[in-house]
Amino acid sequence: MRRLIPLWGLLAAMLSCQAMALAGIGDKGDLKTRSLEGVVTDADGRLVAGAVVKLEDTKTLQVRSYLTKDDGSYSFYGLSPNVEYEVRAEYQGATSDTKKISVFVSGKKVVRNLMLNKKK
């Protein structure tokens, strides 16, 4: 005996798939964002754990922060490719130069390594 799927069930499944596509969920949704990764080093080139990395959205001025891991690495995900960002690091009074992430930088993953300036 063949079992038939009710028409309303098929319609609900189709609408659900369409809603997921519009929301950017799944493989195609990943193309709409990018990530920023890098490491923080001191002026002598040593990796710095516990540095504060600040990422500023230049459009909304919203700032996100990240503490570097033991290997000095940091990462930010879900960044819009249509927004410019500025990133900088701070650790015990030392700061890095501010680096810009332009809308013209292509690719899903942007790498910006930050070096802390010597304390004055």
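Computed from the coordinates by the stated procedures, all read-outs in this text should not be read as laboratory data. Remember, it's a predicted structure, so these values are computed and weren't measured experimentally. Note: ideal-geometry Cβ built from the backbone for every residue, glycine included; neighbour counts use all protein chains shown.
Which order results if ASP71, ASP42, ASP57 are arranged by neighbouring Cβ count within 10 Å, fewest first?
Values: ASP71 9, ASP42 19, ASP57 15.
Fewest-to-most Cβ neighbours within 10 Å comes out as ASP71, ASP57, ASP42.
Counting only Cα, what are the radius of gyration and maximum Cα-Cα distance Dmax of segment 33-115, in Å?
Rg then Dmax for segment 33-115, in Å: 12.2, 35.
Which ordering of VAL40, VAL110, VAL53 is given by a fewest-first count of other beta-carbon atoms within 10 Å?
By the 10 Å Cβ count, ascending: VAL110, VAL53, VAL40.
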